[in-house]
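Data first, discussion second: the structure below is written as structure tokens.
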Amino acid sequence: MSTMVYILRRYQLETLASNNPTAKSFLDTIYDTTQFAYDRIVSQNEKMAEYANKHRIPHTFSVNDQVWLSTKNLSIEDGSGMRKLHPKFCGPFKIVEKINDVTFRLDISYPMKARGIHDAFHCSLLKPFVPDHFGRYDEPLPPVNIQDGIEEYEVEAILERQENKRETTLPGEVQRTRRPREHLKN
């Protein structure tokens with residue numbers, strides 16, 4: 001109810017109750033109870049806000065910063081069907097624009113845009129990019145050719161290859177062999 005309507009309605013009720021002392025005391029009780037409930041709601045909202053903001057860290061992102069993007073709400077399909085093995089963050093991406101206090105526009109790659117992923121994200125989905133000086137992570141490969149939204153990379157050389165009579169295995173693959181029964185004894 002708007003404030004003006006509330007004031008007019010209270011004035012009308014007080015005018016009607018001015019001749020009846022019982023009605024006037026009833027209205028005073030209702031107004032006091034309503035004010036008490038309103039004050040309690042305001043104080044509880046302040047307590048909830050204090051509790052919610054206790055561990056909240058304000059973001060410090062600005063335009064041209066590098067950030068990681070959470071993959072929590074992104075549809076990343078590689079055909080494996082194992083979402084729990086996907087990386088938790090992707091990127092890094094450059095912040096192009098600050099839309100408002102909590103929303104930022106990122107410079108995302110063409111394949112992500114082709115999949116229908118919008119380029120504006122809430123700050124809770126972003127994490128500051130800190131470069132790794134120890135070389136623990138490989139640098140992402142630059143896309144060479146993009147056709148139909150699929151990134152293709154140019155391969156310089158195959159470094160290892162093992163040939164067998166029946167099959168060829170590349171590095172990282174398990175080689176399956178048949179062994180005689182005598183070799184399987186303890």
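The values are calculated or read from the model by the stated rules, or taken from the named source; none is laboratory data. Predicted model, so just to flag it, every value in this text is computed and none were measured. Ideal geometry is used to build each Cβ from the backbone, glycine not excepted, and the neighbour counts take in all protein chains shown.
Go through the stretch 106-122 and give me each residue that's outside any loop (DSSP other than H, G, I, E, B) and modelled with pLDDT of 90 or more.
L106, A120, F121, H122
Can you confirm whether the stretch 19-40 contains a residue that is more than 30 Å from V130 (Cα to Cα), without any contact (Cβ under 8 Å) to a residue 60 or more places away in the chain and part of a loop (DSSP other than H, G, I, E, B)?
Looking through the stretch 19-40, at least one residue is more than 30 Å from V130 (Cα to Cα), without any contact (Cβ under 8 Å) to a residue 60 or more places away in the chain and part of a loop (DSSP other than H, G, I, E, B).
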